[in-house]
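The values are calculated or read from the model by the stated rules, or taken from the named source; none is laboratory data. What you see is a predicted model; the values in this text were computed from it and never measured. Every residue, glycine among them, receives a Cβ derived from its backbone with ideal geometry; neighbour counts consider all protein chains shown. What goes into the accessible areas is simple: the full protein's heavy atoms, side chains included, and nothing from ligands, DNA or RNA. Shrake-Rupley method; radii C 1.70, N 1.55, O 1.52, S 1.80 Å.
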Number of protein chains: 2
Amino acid sequence: MECKNELQQLLADFKANHMPSVSIDCVIFGFHDGQLKVLLLRWKNTDDWCLPGGRIHKQENMDAAAHRSLRERTGLHEIFLQQFHTFGDVNRYRHYSQIETLAKLGLPEDVAKQVVSRDISVGYYALVEFANVVPTPDIFTDECRWWDIQQIPALLFDHNEMVSLALKTLRRQLSYQPIGYNLLPEKFTMPDLQQLYETILGQTMDRRNFQKRMLGYGILKRLDERKIGGAHKSPYLYRFDKEKYEKALETESLFTT
Amino acid sequence: MECKNELQQLLADFKANHMPSVSIDCVIFGFHDGQLKVLLLRWKNTDDWCLPGGRIHKQENMDAAAHRSLRERTGLHEIFLQQFHTFGDVNRYRHYSQIETLAKLGLPEDVAKQVVSRDISVGYYALVEFANVVPTPDIFTDECRWWDIQQIPALLFDHNEMVSLALKTLRRQLSYQPIGYNLLPEKFTMPDLQQLYETILGQTMDRRNFQKRMLGYGILKRLDERKIGGAHKSPYLYRFDKEKYEKALETESLFTT
DNA sequence: ATATAGTGTGTACTAGATACACATTGAACA
DNA sequence: TGTTCAATGTGTATCTAGTACACACTATAT
């Protein structure tokens, strides 16, 4: 099968042009339909899903490599992307039979073994605007789609752990920095924003207090428009004040006296 | 010079037994004399200082490699050690002429070049009890000692940046988790603890409010003893309630309703 | 004995977070 | 057409954590 040669060629190229031992994995969060979603890839000829990832070119910044991966999977250019943890356990592949999985790709076992020696993987998480994403599989996979965070199946490698830690990091970030700019459309309602927060944190909040707090941050601008077409009273539309939002991102509140 | 052969041999061993492309660097914090200190190494035959670091054995967990490095530099076994960021810019060595520096070790330039291709480096930070540390140089260095955080010189590589970010992470951690267990001796006074906090955060605090807050966390146990020998009224001694301290480490306070 | 400087302790005040209720609107339905 | 319903808009009382602040005590130094 020609796919086999193509893969072997690809692996050879990888070896020549990419840093050995190190890879990148991305937990890409999107928000749609009141649900927090993660973009996953399905390996060719399998039912096994994993996170999108990539490798670092020898003359490429690591962050740039992560952006490149993301761009290739989503079509998006300007995105919130941040490393959250680096994974380096010897047995990070323990949850599955990796040789077996690679064999399904049509690789001979000896080639497969080269691929599966433990790598250090730098985990990034991204926040993207759901509607703008064009999910695109890579050469190893034949499907790329969103999964509800609640319904993610057992993933390959240590990728479930990565998703958990990315979510934990996202939640923590919420406690000292604003979030939403990259997850919501440009104009959104206060209930939209609240639903986002509730979904990420996994808990409900008081409508009135939530609004008070958000407005208190001074990063929102209420528009004159209201959202029309809803079944009930029309809520106001808001958008982020980009400048103040950026400032708030830098000024993280700390333990002080 | 025999040192040269020894070094070349060492590098060959490194290549065979360690993961390529990836290294570890440690920002080791200690507290002494009212000052926050960092452990630095001075390169052989130079006045250039850098952070202690290491490489990962092919069959070794990354965290274990970091612990090993730390053990080798400090003699300490049980220590607080946590990764805080992974550095992967192409120009992370831009701040110095690396070939030149390596030449001072007695390495021929061609060998030196192999060494200096950009690596990904995983940054760890450690909190250790100052008094128990036995600073020990490694094969590349002939001095290992503590530096006041305020007086750290221009370091090799991107190590100044690493120290800054480690400190920033430490400060942030202070805002949602207790700190002190690994930086103070077993028994300490409230003023000791306050001085630690003030040093890390770089700001003074109200004595009474600080005590109230710390006791409010419920992780301290006041002993019947007082510290004797001081020039003034004897302060009480405290120790951490290990169990509650550990619990507090897990239960990080988040943005909630 | 006296001075000095650091420690032990308590109370009033402030601001942010929380709990909570009623009026308004727009579509759906009778 | 008007009645119903569910969601939105808005304000106030309360609670709690954080902050500001003062006086008494004690161990050494003189």
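Of the cross-linked pairs B:LYS168/B:LYS242; A:LYS104/B:LYS58; A:LYS44/B:LYS15; A:LYS15/A:LYS247, those separated by over 32 Å at the C-alpha level are A:LYS44/B:LYS15; A:LYS15/A:LYS247.
Accessible area of chain A with a 1.4 Å probe: how many percent of it is carbon plus sulfur? The partial results should precede the final answer.
Numbers: 5950 of 12760 Å².
Solvent-exposed carbon and sulfur of chain A make up 47 percent of the total.
Take each residue of peptide A:79-91, count the partner chain Cβ atoms within 10 Å of its Cβ, and average: the result is 4.
Computed with a 1.4 Å probe over protein heavy atoms only, the accessible surface of chain A comes to 50 Å² per residue.
When accessible surface is computed with a 1.4 Å probe, chains A and B are found to bury approximately 3300 Å² between them, both chains counted.
Here A:LYS187 is the anchor, and the aspartates and glutamates within straight C-alpha reach of less than 14 Å, apart from those fewer than 8 places off in the same chain, are A:GLU129, A:ASP224, A:GLU225, A:ASP241. Listed peptides B:205-213, A:129-137, B:155-163, B:120-128 appear in the order B:120-128, B:155-163, A:129-137, B:205-213 once ranked by packing, highest mean of other Cβ atoms within 10 Å at the front.
About its Cα centre, the dipole of the protein assembly as shown is roughly 1860 debye, where the only charges are +1 on Lys and Arg Cβ and -1 on Asp and Glu Cβ.
Each peptide in B:139-152, B:30-43 receives the mean, over its residues, of other Cβ atoms within 10 Å, and ordering these scores from highest gives B:30-43, B:139-152.
The mean number of partner chain beta-carbon atoms within 10 angstrom of a residue's beta-carbon across peptide A:23-35 is 0.
The alpha carbons of chain A stretch over 63, 47, 30 Å along the principal axes, in descending order. Counting, for every residue in A:56-68, the Cβ atoms of other protein chains within 10 Å of its Cβ and taking the mean gives 3.
Beyond 23 Å, what percent of the Cα pairs of segment A:144-257 remain?
Values: 2544 of 6441 pairs.
Tail of the P(r) past 23 Å holds 39 percent of the pairs.
What you get for chain B, charging only the Cβ of Lys and Arg (+1) and of Asp and Glu (-1), is a dipole of about 960 debye around the Cα centre.
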